[in-house]
Each structure stands twice: as structure tokens, then as C-alpha cells.
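Below is one structure, written out as C-alpha cells, with a few remarks after it.
The values are calculated or read from the model by the stated rules, or taken from the named source; none is laboratory data. A quick note: this is a predicted structure, and the numbers were derived from the prediction, not measured. Cβ atoms come from the backbone with ideal geometry, glycine included; neighbour counts cover every protein chain shown. Remember, those area values only see protein heavy atoms, side chains included, never the ligands or the DNA or RNA. Shrake-Rupley method; radii C 1.70, N 1.55, O 1.52, S 1.80 Å.
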Amino acid sequence: MNAVSPASAAFPGLVDSHCHLDFPDFEGKMAEIREEMRANGVTHALCISVNFAGFPKVLALAEAYDNFFASVGVHPDHEDRTEVDPARLVELARHPRIVAIGETGLDYYRVSGDLVWQRERFRAHIRAARECRKPLVIHTRQAAEDTLTIMREERAAEVGGVMHCFTESRAMAEVAIALGFHISFSGIVTFKNAGALKDVARWVPLERLLVETDSPYLAPVPHRGKTNRPALVRHVAEEVARLRGISLEDLATASTRNFFRLFKAAK
Ligand SMILES: [Zn+2]
Ligand SMILES: [Zn+2]
């Protein structure tokens, strides 16, 4: 295989479809982060909102840099159980740099007890996404059935979106794909013990596949345990390409095309 170096101009470019660059881990490090992206052929990143308090900082990143985009949403693990008003999400999503609603979803692994509030919050996000016609960034962990039920009940298929940092079964991936959603792989797919997930990565239709880092979490092999950052999405992409028996360039071309088609983001 005649591989094109990710640093060269001929490389199609990768997008980190999910990162948290507003987190304290990256304070004062943006020049370094962006230089490392450039050196690894990572051309764009989507900065994901996890609560209203942090949202201005997420938006500021997308306003400051034309290759960063942003989302608006309240993470399912966010402790403050105050109801999320869909109208507030819709209002904030009006901004042209906001390309998605989320991250939202269900997490029965990190949070337990009576989770009515979490399900209501998820419904509010889907309603907002349909109202403003922007795709959803969905986080789901050990809550496959309820996640899919709510997606169906609230007609999430009208806007589509992405099942981010996917770690669930192929059966769940199949239903999400049938609902018009994309599947995004993170550094977890590079882990040795992720056999079932590697099978999902082999199977997902290429036109529905995205890659991400979820920085600062989940650094891929060979950086496992370190602070993750967008440049390392290259290792995720390399592993997914290897699993599918295609070149890194082909994987980059497809996943980047998928990203811009889904989020209608201006390059
Ligand atoms: Zn998440
Ligand atoms: Zn996240």
C-alpha cells in the first residue's frame, strides 16, 4: 500500500467528531493541541457541550477557530437534575457554529436510582433537535433498550445523528443505523479486550461511520492512560481501517465526508 503521510497536503484529513476541549486539562494549551492536529492530518473537531454553565466556553472555541464546531446540550451524567427546557436548547442552537444537539442520552452505568429525570432530559433534547432541525449526539451506556425506545417514541429519526463513543452490541448498532443514525468509534476500539466492538467496527456501513476521541478521556493505544487530544483520532482511524482492510486515506475520506454531510458544517 502506497500510504500518504497524514501530515502531507495529499492526505484527505480526519475529523475528531467528539471532544471536550473546554475542560481544564486543555487550559492554555490550544496552540499545542492545534499544532499536533495539523501534524497528524486532523483538520477539524467538534467541541461537545455537557452543561449550560460550560456552554459559553465551548461556543467560544468554535467562534475563535474556523475548524472547530460546537454542540449544545446537557450530559446524562450531569448531576444537576433541573429539567432541561427544549426552548432554551433551541435558542442556543440558533448560532451558526452550533451544528448539533447533545451530548444527550442515557447512562445507567454511571448514574443509578430513579432515572426518570434522565429520560425526561433525553426526550427534551430530541424535541429540541427536531424543532431546530439539527442532528443529535447520543451517549448511551448500559441503557440500550430504553435509549432506542425513547429515540423511536420521540421520532429522533427525523433529524438523525450519531451514537457517540459506541460500545454497545452489534444488534443495537443495527437498530440505530435503521433509524438513520451514525456510529462513532473512540479509542476503545483500539483496546485489546474490545473484541466484540472490533466486530461492530468491521460491520458498520462505511457511509455511517465516524471517528472521535472523547478527549480528554479514553486515549487510544499506544497512548492509553494519557490525556487524550484530537490528534490521537488518527490512531482510532488507523485501527478501524486495519479492521476493515482498507487504507487510512479511504477511511479518512469516508468518515470526513460523513461528518460534513451529517452536521452540515461549512468547511
Ligand atoms: Zn459521552
Ligand atoms: Zn463526551
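Considering (1) closer than 21 Å to residue 214 by Cβ; (2) within 21 Å of the chain's Cα centre (by Cα), the lone condition that residue 90 does not fulfil carries the number (1). Of all residues in the range 13-35, count the ones that are open to solvent by 50 Å² or more (accessible area, probe 1.4 Å) and in contact with a Lys or Arg (Cβ under 9 Å, 6 or more places away or on another chain). Here the count works out to 3. Of everything in the range 185-211 that's under 21 Å from residue 222 (Cβ atoms) and part of a strand (DSSP E or B), which residue is farthest from ligand 1 (Cβ to nearest atom)? Selected residue: 211. Only one of the numbered conditions (1) of a type outside the set (A, V, I, L, M); (2) within 16 Å of ligand 2 (Cβ to nearest atom); (3) open to solvent by 80 Å² or more (accessible area, probe 1.4 Å) is violated by residue 104, and that is (3). Any residue that is within 16 Å of ligand 2 (Cβ to nearest atom), at pLDDT 95 or above and outside any strand (DSSP E or B) - is there at least one of those in the range 30-48? Yes: the range 30-48 contains one or more residues that are within 16 Å of ligand 2 (Cβ to nearest atom), at pLDDT 95 or above and outside any strand (DSSP E or B).
The rows are residues; the columns are (1) of a type in the set (S, T, N, Q); (2) touching a residue at least 60 places away in the same chain (Cβ under 8 Å); (3) under 29 Å from residue 26 (Cα atoms).
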{"residue": "194", "(1), (2), (3)": "no, no, yes"}
{"residue": "204", "(1), (2), (3)": "no, no, no"}
{"residue": "210", "(1), (2), (3)": "no, yes, yes"}
{"residue": "215", "(1), (2), (3)": "yes, yes, yes"}
{"residue": "218", "(1), (2), (3)": "no, no, yes"}
{"residue": "226", "(1), (2), (3)": "no, no, yes"}
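Of all residues in the range 124-169, those satisfying the criterion of being on the phi < 0 side of the Ramachandran plot, under 18 Å from the mean Cα position of the chain (by Cα) and open to solvent by 50 Å² or more (accessible area, probe 1.4 Å) are 141, 157, 167, 169. Kindly indicate whether any position in the range 53-66 is within 14 Å of ligand 2 (Cβ to nearest atom) and either in contact with a Lys or Arg (Cβ under 6 Å, 6 or more places away or on another chain) or open to solvent by 30 Å² or more (accessible area, probe 1.4 Å) (or both). Within the range 53-66, not a single residue is within 14 Å of ligand 2 (Cβ to nearest atom) and either in contact with a Lys or Arg (Cβ under 6 Å, 6 or more places away or on another chain) or open to solvent by 30 Å² or more (accessible area, probe 1.4 Å) (or both).
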